[in-house]
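The values are calculated or read from the model by the stated rules, or taken from the named source; none is laboratory data. The structure presented is a predicted model; accordingly, all values stated were derived computationally and were not measured. Cβ placement follows ideal geometry from the backbone for every residue including glycine, while neighbour counts extend to all protein chains displayed.
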């Protein structure tokens, strides 16, 4: 008999589907359909929906129920402005820890190899999953739990834009090279270099999105 699904599992899958745009902005979420899908009662479904609402991914109204939130160019600008500062800070803090840990560096190298493989295959959905894994790997080594908490939510939000960015010609290839450059500087223990490279990585992505996506999506 399969194990009962947990609230965290439900939330995690919902987040992933919103991030990779399997659930598009404006999609209405039916509690009864979700109960059937997960084979659970309404209670864990409602708790999961409330959690995603608190994260800003969905919203609720008295008559329409829960709906996946739209995302706008203004949202994109605001989120990336924060990410440029905070994710690069996390990278700088994590560098002296990771550069002395061959085991973790080897694991991060494998993430980069996976990203390169998905890039070559044009597999944007799995590339995005590995992209998030790469940034979370560094984030969780930064040693600052408050920064981790803030950036985990911001990465979930910005991943919705990354989906669009990766369909821009050559953006996935550029992204892959940028991650390899971050890894190279991590290996060297170059704290300032990691900080600058991560900041540039997000600035380039934002610039590409500005040029290609001049409307809400």
(Q) Restricting to region 1-50, name every residue that is in a loop (DSSP other than H, G, I, E, B) and more than 19 Å from residue 75 (Cβ to Cβ). (A) 1, 2, 3, 4, 5, 6, 22, 30, 39, 40, 41
Q. If you scan region 106-134, which residues turn out to be more than 22 Å from residue 202 (Cβ to Cβ) and either in a helix (DSSP H, G or I) or without any contact (Cβ under 8 Å) to a residue 40 or more places away in the chain (or both)?
A. 106, 107, 110, 113, 117, 120, 121, 123
Q.
For region 51-65, give me each residue that is surrounded by fewer than 17 Cβ atoms within 10 Å (Cβ to Cβ) and part of a strand (DSSP E or B).
A. 59, 60, 61, 65
Q | Residue list for region 66-82, restricted to those being more than 25 Å from residue 201 (Cβ to Cβ) and surrounded by fewer than 14 Cβ atoms within 10 Å (Cβ to Cβ) | A | 70
Q. Tell me, which residue of region 93-116 that is farther than 23 Å from residue 196 by Cβ and out of contact with any helix residue (DSSP H, G or I) (no Cβ under 9 Å at 6 or more places or on another chain) is surrounded by the fewest Cβ atoms within 10 Å (Cβ to Cβ)?
A. 103
(Q) Could you list, ordered by first residue, the pairs with Cβ atoms under 7 Å in which the first is in region 161-184 and in a loop (DSSP other than H, G, I, E, B) and the second is surrounded by fewer than 17 Cβ atoms within 10 Å (Cβ to Cβ) and modelled with pLDDT under 90, at least 6 apart or interchain? (A) 168/212
Q) residue 79: modelled with pLDDT of 95 or more, closer than 29 Å to residue 209 by Cβ and in a helix (DSSP H, G or I), yes or no? A) no
Q: Report yes if residue 142 is surrounded by 16 or more Cβ atoms within 10 Å (Cβ to Cβ), assigned to a loop (DSSP other than H, G, I, E, B) and modelled with pLDDT of 95 or more, otherwise no.
A: yes
Q) Inside region 185-198, can you point out the residues that are in contact (Cβ under 8 Å) with a residue 12 or more places away in the chain and not in a loop (DSSP other than H, G, I, E, B)? A) 185, 186, 187, 188, 191, 192, 194, 195, 196, 197, 198
Q) Is one or more of the residues making up region 191-202 surrounded by 18 or more Cβ atoms within 10 Å (Cβ to Cβ), at pLDDT 90 or above and out of contact with any helix residue (DSSP H, G or I) (no Cβ under 6 Å at 6 or more places or on another chain)? A) no
Q.
Checking residue 137 against (1) touching a residue at least 24 places away in the same chain (Cβ under 8 Å); (2) over 19 Å from residue 91 (Cα atoms); (3) in a helix (DSSP H, G or I): exactly one of these is not met. Which one?
A. (2)
